[in-house]
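Encoded as structure tokens, the structure appears first; notes follow it.
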Amino acid sequence: MSAIRRKFGEDYQVVNTNRSMTFSAPVKKKRQRFVEKNGRCNVQHGNLGSETSRYISDLFTTLVDLKWRWNLLIFILTYTVAWLVMASMWWVIAYIRGDLSYGGHNSSYTPCVANVYNFPSAFLFFIETEATIGYGHRYITEKCPEGIILFLFQSLLGSIVDAFLIGCMFIKMSQPKKRAETLMFSQDAVISQRDGKLCLMFRVGNLRNSHMVSAQIRCKLIKSRQTPEGEFLPLDQCELDVGFGTGADQLFLVSPLTICHEINSNSPFFDLSQRSLMNDEFEIVVILEGIVETTGMTCQARTSYTEDEVLWGHRFLPVMSLEEGFFRVDYSQFHNTFEVPTPPYSVKEQEEKSSLTSPNPLPVAPTPPSPLLRNSSRVGRRERLLSADNADHVDDQVSRLPSKLQRMSSSREEHLWRGLKTGSALPGGKASSTGDLPLSIQRLRSSSIPVVRQGHPEEQVQLLSLDGEAEESELEKHRLPTAISTIAAPTPAPVQISLVGSRPEDNLPPKLRRMNADR
């Protein structure tokens, strides 16, 4: 075991795969298999009656399907009987013509077949003629027309017998059934998780260096069942998906492969658990087909797994190892498995359990945006337009305007920002007042400016723009050209102005207050 750990790592730990120690289920009586482990179908046909004549109509296939001992017996008997019958016919011709009475003593007499005096000499003449040996001592003369006709018949019959029997023996010897002896299947099948899914797996291997061309594998589940209508179906066959849709059933069989059947809602094992496996009865028939590379003939190998040969919670040991310049397959570990943690529940039970523990969340209705959020997003957009990141972009747009428009826009902006940021006198020696500000800022309501407590003149109040400012800015965009409207569109950031009284008018000189009142 330490050698295997060094070879494959610490994750692979060999354990005893004796099922009597792993499961506590009582030993069941060995039942009859539908397909033996060597691939022979355990089915016999009886009470054929008159249907037996169908075997005679296809005599060649019947002879090929016979066992070797019967083939050899038929081969020997056919040639022996044919030789005896033809030798007897030559002896009868010699007897009728009177060649036997002369015995070759009269040199003036011309027989049908020279030097044929009895049955052994007639038998030797037939063998020499059929085998084309031609010793030259016995031969047909021109005085025997019936002998010439028998000779032609003998040649035709001999060719037919040779073609039939020799062809039968050749097909019998070249059958690819023996090629299936070098295709291996694992003794047991296993059920464990692969890629997070419960799978039924078994292993196949090729002992020869010659490949199986277009190798394809299929699986059938043999299980008796009863339909909802009450009909009993003995040995009902169901297809097991081993990758037909994905092409995984097409094998490149140069090294042992593990064939996987995913157990899902479409699988017949959807409700199979470790407990039900002990009491269930079924048989899995595996069929491997391919073309023999050396002969070009189709070969088929079969095996089967009963419920006793399916191990729950096991996995096959790796058999591939990397050597210097090649990969090595260790067939001594081909049938060995080791235990892995596997849930004892069926896929159906696991899905039901997961659906109960993690229900689907209820859908949440979308909340419509409030007007306050819309106003805040609008203010944020204006602040982003006047941020330092966009200052270069605005200057670039201003530089593209004519010189007269640039002076008009620059003087207007300077006048506006100086009036907002500083409370000092404007250029020309005049004191600043709210009348020098734009009309939209003059319309500030007293509610938008909080009252400043006495004794804290240093507190600042942020002037917020009104909704009417957005409307006026939009109207100004339409009045100005496109290039100018892109510059005038951004609204300046909130401005802070020092206040002493409770109202802005209280901070102005009396002359300016009278002017504002008259206006």
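Does segment 40-62 contain any residue that is among the hydrophobic types (A, V, I, L, M, F, W, C), modelled with pLDDT under 85 and within 43 Å of the chain's Cα centre (by Cα)? No - not one qualifying residue is present in segment 40-62.
If a residue has to be out of contact with any strand residue (DSSP E or B) (no Cβ under 7 Å at 6 or more places or on another chain) and either among the basic types (Lys, Arg) or under 19 Å from GLU289 (Cα atoms) (or both) to count, how many in segment 172-181 make the cut? Give the derivation first.
Our first condition is that a residue be out of contact with any strand residue (DSSP E or B) (no Cβ under 7 Å at 6 or more places or on another chain); within segment 172-181, this holds for 172-175, 177-178, 181.
Those left that are additionally either among the basic types (Lys, Arg) or under 19 Å from GLU289 (Cα atoms) (or both): 172, 174-175, 177-178, 181.
Number of matching residues: 6.
Given the condition in a helix (DSSP H, G or I), open to solvent by 30 Å² or more (accessible area, probe 1.4 Å) and not acidic (Asp, Glu), answer yes or no: does some residue in segment 133-145 qualify?
From segment 133-145, those in a helix (DSSP H, G or I) are 145; that's our starting set.
Of the ones still in play, those that are also open to solvent by 30 Å² or more (accessible area, probe 1.4 Å) are 145.
Restricting the remaining residues to those that are not acidic (Asp, Glu) gives 145.
Yes: segment 133-145 contains one or more residues that are in a helix (DSSP H, G or I), open to solvent by 30 Å² or more (accessible area, probe 1.4 Å) and not acidic (Asp, Glu).
Selection of segment 290-310 for residues being aliphatic (A, V, I, L, M) and over 24 Å from VAL254 (Cβ atoms) yields only VAL310.
Out of the residues in segment 211-246 that are in contact (Cβ under 8 Å) with a residue 60 or more places away in the chain and among the β-branched types (Val, Ile, Thr), state the one that is surrounded by the most Cβ atoms within 10 Å (Cβ to Cβ). Show your work before the answer.
Of all residues in segment 211-246, those in contact (Cβ under 8 Å) with a residue 60 or more places away in the chain come to 211-223, 235.
Among the residues that remain, those that are also among the β-branched types (Val, Ile, Thr) are: 213, 217, 222.
Values: VAL213: 13, ILE217: 22, ILE222: 19.
Ranking the qualifying residues of segment 211-246, first place goes to ILE217.
Would segment 173-186 turn up any residue that is within 30 Å of PRO343 (Cβ to Cβ), surrounded by 13 or more Cβ atoms within 10 Å (Cβ to Cβ) and in contact (Cβ under 8 Å) with a residue 24 or more places away in the chain?
Applying the first criterion (within 30 Å of PRO343 (Cβ to Cβ)) to segment 173-186 yields 185-186.
With the extra rule that they be surrounded by 13 or more Cβ atoms within 10 Å (Cβ to Cβ), the set shrinks to 185-186.
Checking which are in contact (Cβ under 8 Å) with a residue 24 or more places away in the chain leaves us with 185-186.
Taking every residue of segment 173-186 in turn, at least one turns out to be within 30 Å of PRO343 (Cβ to Cβ), surrounded by 13 or more Cβ atoms within 10 Å (Cβ to Cβ) and in contact (Cβ under 8 Å) with a residue 24 or more places away in the chain.
Scanning segment 63-99 for residues that are farther than 20 Å from LEU157 by Cα, open to solvent by 50 Å² or more (accessible area, probe 1.4 Å), within 60 Å of the chain's Cα centre (by Cα) and touching a residue at least 24 places away in the same chain (Cβ under 8 Å) yields a single hit, TRP68. Taken as a whole, the condition of being assigned to a loop (DSSP other than H, G, I, E, B) and not aromatic (Phe, Trp, Tyr) applies to SER267.
Each residue in segment 187-210 was checked for being over 25 Å from CYS41 (Cβ atoms), surrounded by fewer than 16 Cβ atoms within 10 Å (Cβ to Cβ) and not basic (Lys, Arg), and 5 of them qualify.
Has segment 265-275 got any residue that is open to solvent by 50 Å² or more (accessible area, probe 1.4 Å) and touching a helix residue (DSSP H, G or I) at 6+ places or on another chain (Cβ under 8 Å)? Checked against the condition, which is being open to solvent by 50 Å² or more (accessible area, probe 1.4 Å) and touching a helix residue (DSSP H, G or I) at 6+ places or on another chain (Cβ under 8 Å), segment 265-275 yields at least one hit.
Determine, yes or no, whether PRO228 is modelled with pLDDT under 90 and in a loop (DSSP other than H, G, I, E, B).
Working: modelled with pLDDT under 90: no; in a loop (DSSP other than H, G, I, E, B): yes.
Taking the combined requirement at face value, the residue does not satisfy it.
The values are calculated or read from the model by the stated rules, or taken from the named source; none is laboratory data. Just so you know, these numbers come straight off a predicted model, no measurement behind them. In this analysis, Cβ positions are derived from the backbone assuming ideal geometry, glycine residues included, and neighbour counts consider all displayed protein chains. The area values use the complete protein model at the heavy-atom level, side chains included, leaving out ligands, DNA and RNA. Shrake-Rupley method; radii C 1.70, N 1.55, O 1.52, S 1.80 Å.
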